[in-house]
Each structure stands twice: as structure tokens, then as C-alpha cells.
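The values are calculated or read from the model by the stated rules, or taken from the named source; none is laboratory data. The shown structure was predicted, so the numbers you read here are calculated from the model rather than taken from an experiment. Don't worry about glycine lacking a Cβ; one is built from the backbone with ideal geometry, like all the others, and counts go over all protein chains shown. Side chains included, ligands, DNA and RNA excluded: accessible areas come from the protein's heavy atoms. Shrake-Rupley method; radii C 1.70, N 1.55, O 1.52, S 1.80 Å.
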Amino acid sequence: AGVSVSTSGSYWGRATRGRWMCPVTREETNGKTPFVFLWRCGCVFAEKALREVPSKACLSCGAAFVADDVIKLCATAKEEEGARARMDA
């Protein structure tokens, strides 16, 4: 239920709706929008939220964080490689 091929041939048709949405941007987790989580507090946001509302505190719970605490969900191979290099450092 929910997954279908749209008439445009795109996998992410109207029938695929996210089960969660960013509390800041209201974008759904549907595979089109990149999402991140903050390592220190575990809160999840659309990557766009952290770009548009620059802050050193979590936009949801207020916990302080640094740039290395921002982890991209469903990262590309290149992004994952960079994250692994940061962890090994």
C-alpha cells in the first residue's frame, strides 16, 4: 500500500507519502528530500531546515550541536565515505 509508479514513470508518485515530516519545513520523508539527524540529541530534520534556519542549537529540543553532529540519512557513497573518514579521525 502506498508505493506505486506514477503516470509520469517516476517511482515517487503521489501515492507514496512519507510517514513522518520535518517539524520545521513540513516536508515529508518520501525519498526526494534529504534528511539529517543530530548525533547529540537524535532529532531529525529536512537538511533544508538547517540551511534556512542557521543555529547552533537543535531546532526541536534546543540541545547544542556542532557541524560534525549533523549526519545525513540515506547518504550517497561519497557522502558516506566522508562521514566514515570523520569518524576515523
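Annotations
- Of all residues in segment 51-70, one or more are modelled with pLDDT under 90 and touching a helix residue (DSSP H, G or I) at 6+ places or on another chain (Cβ under 7 Å).
- Residues that are outside any helix (DSSP H, G or I), open to solvent by less than 80 Å² (accessible area, probe 1.4 Å) and either closer than 20 Å to Ala67 by Cα or at pLDDT 90 or above (or both) within segment 29-49 comprise Thr33, Pro34, Phe35, Val36, Phe37, Leu38, Cys41, Gly42, Cys43, Val44, Phe45, Ala46, listed in sequence order.
- Hits in segment 50-89 (condition: open to solvent by less than 50 Å² (accessible area, probe 1.4 Å), assigned to a helix (DSSP H, G or I) and in contact with a Phe, Trp or Tyr (Cβ under 9 Å, 6 or more places away or on another chain)): Asp69
- Taking every residue in segment 77-89 that is within 17 Å of Phe37 (Cα to Cα) and pairing it with any residue that is open to solvent by less than 100 Å² (accessible area, probe 1.4 Å) and of a type in the set (A, V, I, L, M), at least 6 positions away or on another chain, the pairs with Cβ-Cβ distances below 8 Å are Ala83/Ile71; Ala83/Ala75.
- Against the criterion of being among the small types (Gly, Ala, Ser), surrounded by 15 or more Cβ atoms within 10 Å (Cβ to Cβ) and either in a loop (DSSP other than H, G, I, E, B) or at pLDDT below 85 (or both), Gly18 qualifies.
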